[in-house]
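Accompanying notes for the structure given below.
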Amino acid sequence: MYQLTKHKFQVSLGILILFFQIGFIGISISPAFAVLTPLNLILSFGLLVWNQASSFRLALPALFFIFFGAFILEYMGVSTGLLFGQYSYGNALGPKLLQTPILIGLNWILVVYSSIQVVQWIGLRFKIKFPELLAAFLSAVLMVITDYPMEQICHLLDFWTWQSAVAPVQNYTAWFFFGFMFCFVAIKYGLHTYNALGPWYWVVQLVFFTGLNFTLN
């Protein structure tokens with residue numbers, strides 16, 4: 001069983017890195033390549049589920065809460081500008097409903113889950129048992145860290161565009177607040193079981209968008 005699990009992880013990590021490499025090269029040549037982002041989100045989610053299927057099934061209520069909760073927050077954000085600041089979505093994140101990409105909730109799930117998994121890795125590596133509130137706090141900090149490089153090039157990728165040209169501080173504080181809320185729910189209701197692919201997704205995504213900052217700016 002251990003060998004089978006290890007093989008599954010190695011295959012999944014190879015696919016994940018390969019897909020992000022293709023995306024990096026494609027976007028570096030032409031930012032329009034970012035139109036494949038929905039495929040990236042779906043593939044990444046599938047790989048994470050494949051590596052921890054039982055946990056995801058048990059955590060379906062938490063997943064639905066994050067998916068629909070995040071969509072509602074993003075809709076309110078786009079409509080009012082009161083939550084994250086004034087911004088509007090482009091077309092690279094796929095079909096939209098009420099001016100909001102349908103898959104934006106899936107993006108939140110991936111960021112929440114992978115951030116939690118990094119905290120879990122730290123806990124296992126250094127034999128620390130984080131209280132749920134502290135684990136959610138640290139995970140929310142990691143969410144903001146991954147969001148920052150993305151915000152610097154979001155307009156170039158046709159993800160979303162800020163009316164103020166750059167993401168306001170309000171965006172990061174809102175990301176932290178709502179990220180903390182979603183992370184706490186996820187940890188409380190089944191998404192904290194360690195998945196070896198989870199921390200790698202967080203790292204690969206951070207490297208991906210940080211690298212694109214140097215390539216596109």
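Just so it is clear, none of the values below were taken in a lab; they were calculated from the coordinates. Fair warning: this is a prediction, and the values are worked out from it, not measured in the lab. As a convention, Cβ positions derive from the backbone with ideal geometry for all residues, glycine included, and neighbour counts pool all protein chains shown.
Numbers at a glance
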| quantity | calculated |
| --- | --- |
| Rule-of-thumb Rg ratio for the chain [Cα; 2.2 N^0.38 Å; N residues] | 0.98 |
| Kyte-Doolittle mean at least 0.5, axial Cα span of 30 Å or more - DSSP H helices of the chain | 2-29, 104-125, 132-153 |
| Stretch gain in nm, segment Val169-Ile42, where the contour uses 0.36 nm per residue and the Cα spacing is subtracted | 42.8 nm |
| Rg to Rh, two decimals, where region 98-154 supplies the alpha carbon set and Rh follows Kirkwood | 1.08 |
| Two-site label geometry, Leu58 and Ile122: point separation in nm, points 7 Å out along Cα→Cβ | 2.4 nm |
| Inter-label distance, nm, simple model (7 Å from Cα along the C-beta direction), Lys96/Leu82 | 2.1 nm |
| Shape of region 20-96, Cα gyration tensor, a/c cut at 1.5 | oblate |
